[in-house]
1. For Arg98, state whether it is under 30 Å from Asp20 (Cβ atoms), in a strand (DSSP E or B) and open to solvent by 90 Å² or more (accessible area, probe 1.4 Å).
2. So, in region 71-95, exactly how many residues are of a type in the set (Gly, Ala, Ser), more than 17 Å from Lys139 (Cβ to Cβ) and either open to solvent by 100 Å² or more (accessible area, probe 1.4 Å) or touching a residue at least 24 places away in the same chain (Cβ under 8 Å) (or both)?
3. Has region 23-36 got any residue that is of a type in the set (Asp, Glu), under 23 Å from the mean Cα position of the chain (by Cα) and at pLDDT 95 or above?
4. How about region 11-70: which of its residues are open to solvent by 90 Å² or more (accessible area, probe 1.4 Å) and among the aliphatic types (A, V, I, L, M)?
5. Output yes when any residue across region 51-61 is free of Cβ contacts under 8 Å to residues at least 60 places away in the same chain and over 23 Å from Cys113 (Cα atoms), and no when none is.
6. Look through region 20-50, keep the residues that are assigned to a loop (DSSP other than H, G, I, E, B) and hydrophobic (A, V, I, L, M, F, W, C), and return whichever of them is nearest to Asp7 (Cα to Cα).
7. Determine, yes or no, whether Met1 is modelled with pLDDT under 95, in a loop (DSSP other than H, G, I, E, B) and of a type outside the set (D, E, K, R).
8. Keeping to region 20-33, report how many residues are in contact (Cβ under 8 Å) with a residue 24 or more places away in the chain and either under 23 Å from Glu160 (Cβ atoms) or of a type in the set (Ser, Thr, Tyr) (or both).
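The values are calculated or read from the model by the stated rules, or taken from the named source; none is laboratory data. Fair warning: this is a prediction, and the values are worked out from it, not measured in the lab. No Cβ is skipped: glycine too gets one built from the backbone with ideal geometry, and neighbour counts run over all protein chains shown. Each accessible area value is taken on the protein alone, full model and side chains, heavy atoms only, with ligands, DNA and RNA left out. Shrake-Rupley method; radii C 1.70, N 1.55, O 1.52, S 1.80 Å.
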Amino acid sequence: MATSRLDPIDRKILAELQADGRMTNVELARRVGISAPPCLRRVRTLEESGYIRGYHADVDARELGFEVQVFASVGLLSQAEVDLCAFEARCRTWPLVRECHMLNGEVDFILKCVAPDLSSFQRFLTEELTAADNVASVKTSLVIRGAKDEPGVPFDVLEERLTREA
């Protein structure tokens with residue numbers, strides 16, 4: 001379903017749930033200005049349509065002991081679709097890899113990794129990532145600190161664009 005098929009209430013539901021996924025359906029309905037039963041139907045439709053992929057707690061990795069965050073730029077020997085898919089499947093099996101994105105440009109993939117300490121990441125890097133089939137090169141960048149980590153999408157920007165198009 002394209003964004004244009006979402007009405008303003010659906011977009012408001014998504015924005016509210018993105019900000020606070022723990023609120024009750026009654027509170028959500030109040031915030032978007034509809035009654036609870038149609039609100040719940042809309043939420044279920046948004047879930048079934050894939051707009052809502054899940055509900056998660058935003059945990060603090062460093063507070064939990066994951067002191068190391070690294071971005072790894074990965075170059076592959078082959079970019080044939082079967083090889084790209086194989087690498088993506090392999091990434092999904094590595095617990096330290098939290099995000100995997102295929103890129104256009106000098107590198108094929110960027111991985112966001114977390115580890116409890118540098119030696120754990122080094123073990124993963126040397127024993128798993130660089131040893132994986134089809135991996136030609138890996139360049140890593142250790143995160144010193146984060147300035148912004150905002151999940152989701154900026155609904156206000158979307159609403160502004162839709163208002164201009166109307």
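1. So Arg98 fits the description; yes.
2. 2
3. If we filter region 23-36 for residues that are of a type in the set (Asp, Glu), which is where we start, we get 27.
Still in the running and under 23 Å from the mean Cα position of the chain (by Cα): none.
Scanning region 23-36 turns up no residue that is of a type in the set (Asp, Glu), under 23 Å from the mean Cα position of the chain (by Cα) and at pLDDT 95 or above.
4. Correct list: Val26, Val59, Leu64.
5. First, the residues of region 51-61 that are free of Cβ contacts under 8 Å to residues at least 60 places away in the same chain: 51-57, 59-61.
Still in the running and over 23 Å from Cys113 (Cα atoms): 51-52.
Yes, because at least one residue in region 51-61 is free of Cβ contacts under 8 Å to residues at least 60 places away in the same chain and over 23 Å from Cys113 (Cα atoms).
6. So in region 20-50, the residues assigned to a loop (DSSP other than H, G, I, E, B) come out as 20-24, 33-35, 49-50.
Okay, now just the ones that are also hydrophobic (A, V, I, L, M, F, W, C), so 23, 34.
Numbers: Met23: 21, Ile34: 13 Å.
Taking the candidates together, the pick is Ile34.
7. Criteria met by Met1.
8. 1
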